[in-house]
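Structure record follows, encoded as structure tokens.
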Amino acid sequence: MLRGKKILLGVTGSIAAYKSTYLVRLLVKAGAEVKVVLSPAARDFVTPLTLATLSKNPVLWEYFDKEDEQGKWNHHVQLGLWADLMLIAPATSHTLSKMASGSADTFLLGVYLSAKCPVYFAPAMDLDMYKHPATRENIEKLQSFGNIWIPSEEGELASGLSGEGRMAEPENILAFIQAHLSDQAPLRGKKVLVNAGPTYEPIDPVRFVGNHSSGKMGLALAETALALGAEVHLVIGPHQLEIAEEARLTVVPVQTAREMLEACTALFDQMDIAVMSAAVSDYRPADPAGQKIKKDTDELVLKLVKNPDVLYSLGQVKRKGQRLVGFALETENAVENAVKKLHKKNCDLIVLNMPSEKGSGFGHDTNEVRLIQSADKIYPLTLKSKKEIAREIFTYILDHLS
Ligand code: CTP
């Protein structure tokens with residue numbers, strides 16, 4: 001859930017601030033990119049150096065860097081917009097009250113007011129402060145803004161008293177956020193099939209007909225679908241990628257187009273969405289040799305026969321409600337040919353790759369594509385990372401094809 005997420009951790013002036021160091025470690029371990037913002041009072045409890053080292057990012061606490069002779073401006077708006085998720089932990093009663101009233105007298109609060117992402121807050125205070133109607137009113141007000149309250153826990157408090165008010169343990173905060181995100185995830189309960197990579201068609205036991213597809217686009221699609229809460233089946237040809245294990249991810253390795261067809265057909269019936277990004281070899285050697293071919297002759301002619309078209313086959317059995325997305329690689333009359341493929345293969349969307357564009361296509365980390373829903377519904381995307389393209393594809397599916 002948190003892999004690749006940009007998380008902004010706001011730490012305020014409570015003794016529980018020491019736990020923010022564990023929190024950073026847990027978030028980083030879960031695969032998130034973490035930036036920390038402190039309230040000025042938080043620096044009395046935990047050092048920026050510790051948090052910067054753990055988060056591997058600079059830690060900020062003021063609008064202007066007073067040490068910098070140029071008076072460097074720390075951009076609270078930019079930071080607020082950078083985040084996919086903001087967590088304020090610990091959140092003191094003072095901070096809650098300022099968040100509720102819209103005060104921006106600290107950098108942290110300026111960032112909070114600028115953030116457009118979901119904001120979680122984990123209060124930390126003494127039991128009577130936590131129970132006080134003013135605190136309760138502030139918490140309710142923050143919830144009415146859409147902020148998410150991570151309730152405090154019971155136990156021994158810094159005052160020596162015992163009761164409810166201490167900040168939730170870092171492990172519990174992480175579990176709370178993960179459970180909340182998975183409840184909110186737009187593809188929760190959905191099954192997604194992605195195919196990716198090349199296929200290798202044997203000429204003999206040591207040689208093959210293949211192509212340069214890396215599988216990166218397909219892996220980005222699978223990871224995005226996972227992050228959106230789906231159960232994902234990735235059918236992938238030979239590749240050099242590192243694929244992290246995930247409970248909701250099944251990887252099916254295949255070699256040839258016919259194996260890819262078999263694996264995808266077996267899965268497709270139970271799927272809600274299938275995205276076919278594989279570069280399936282259109283042809284295969286008609287008669288692969290059983291033994292390594294010797295170079296006895298001056299010429300070698302390979303007879304190739306047509307492979308099955310996986311996308312076309314799935315399009316033929318697609319049920320109402322299932323969504324099928326194909327890719328198209330075209331070097332001429334790109335849009336016209338892509339629209340033809342959309343209809344011929346009974347797809348709901350075609351992602352048109354423009355391989356001639358700079359930084360696009362096989363092996364690159366970026367891609368430039370057009371999303372084609374019909375001849376007059378064409379949505380161009382500028383050059384972006386394959387991860388961003390994957391995110392745009394699923395956003396389009398959710399917004400236009402649901
Ligand atoms: N595709 C497939 N099986 C094939 C060939 C292609 O499933 N044997 C799928 C690809 O995964 C992609 C789409 O069809 O989603 C379009 O692939 P592309 O290579 O652009 O087109 P082709 O259908 O192979 O047609 P052509 O090579 O003639 O352009």
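Listed values, structure above:
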quantity: Trypsin sites (Lys or Arg not before Pro) restricted to DSSP loop in the range 297-351 with at most 14 other C-beta within 10 Å; calculated: LYS303, ARG319, LYS320
quantity: Taking the range 122-216 and dividing mean pair separation by its residue count, relative contact order in percent (alpha carbons under 8 Å, at least six apart); calculated: 22
quantity: Helix 133-144 vs. the chain, principal-axis angle (Cα, 0 to 90°, nearest 10); calculated: 20
quantity: The range 1-78 shape via C-alpha gyration tensor axes, a/c threshold 1.5; calculated: oblate
quantity: Residues TYR22 and LYS141, FRET efficiency given R0 of 22 Å [Cβ-Cβ distance, rounded to 0.05]; calculated: 0.15
quantity: Subset of LYS19/LYS66; LYS216/LYS306; LYS6/LYS35; LYS341/LYS377; LYS216/LYS320; LYS191/LYS318 violating a 18 Å alpha-carbon distance limit; calculated: LYS19/LYS66; LYS216/LYS306; LYS216/LYS320
quantity: Computed lengthening from LEU304 to SER159, 0.36 nm per intervening residue step minus Cα-Cα distance; calculated: 44.2 nm
quantity: GluC sites (Glu not before Pro) lying in DSSP loop within the range 275-346, provided at most 14 other Cβ fall within 10 Å; calculated: GLU299, GLU332
quantity: Principal axis dimensions, largest first and in whole angstrom, of the range 204-329 by Cα; calculated: 56, 33, 25
quantity: Cα-only Debye scattering, the chain: base-10 log of I(q)/I(0) at q = 0.13, 0.14 Å⁻¹; calculated: -1.05, -1.13
quantity: Separation of alpha-carbon centers, the range 173-188 and the range 240-318, rounded to whole Å; calculated: 35
quantity: Ellipticity estimate at 222 nm from DSSP helix runs (n ≥ 4, -39,500 (n - 2.57)) divided over the chain, nearest 500; calculated: -9500 deg cm²/dmol
quantity: Ratio of the Cα radius of gyration of the range 6-184 to 2.2 N^0.38 Å, where N counts its residues; calculated: 0.97
quantity: Cβ-derived FRET efficiency at R0 41 Å, ARG319 paired with ARG3, nearest 0.05; calculated: 0.85
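Read-outs throughout are calculated quantities, based only on the coordinates presented, and are distinct from any laboratory measurement. This is a predicted model, so every value here is computed, not measured. Note: ideal-geometry Cβ built from the backbone for every residue, glycine included; neighbour counts use all protein chains shown.
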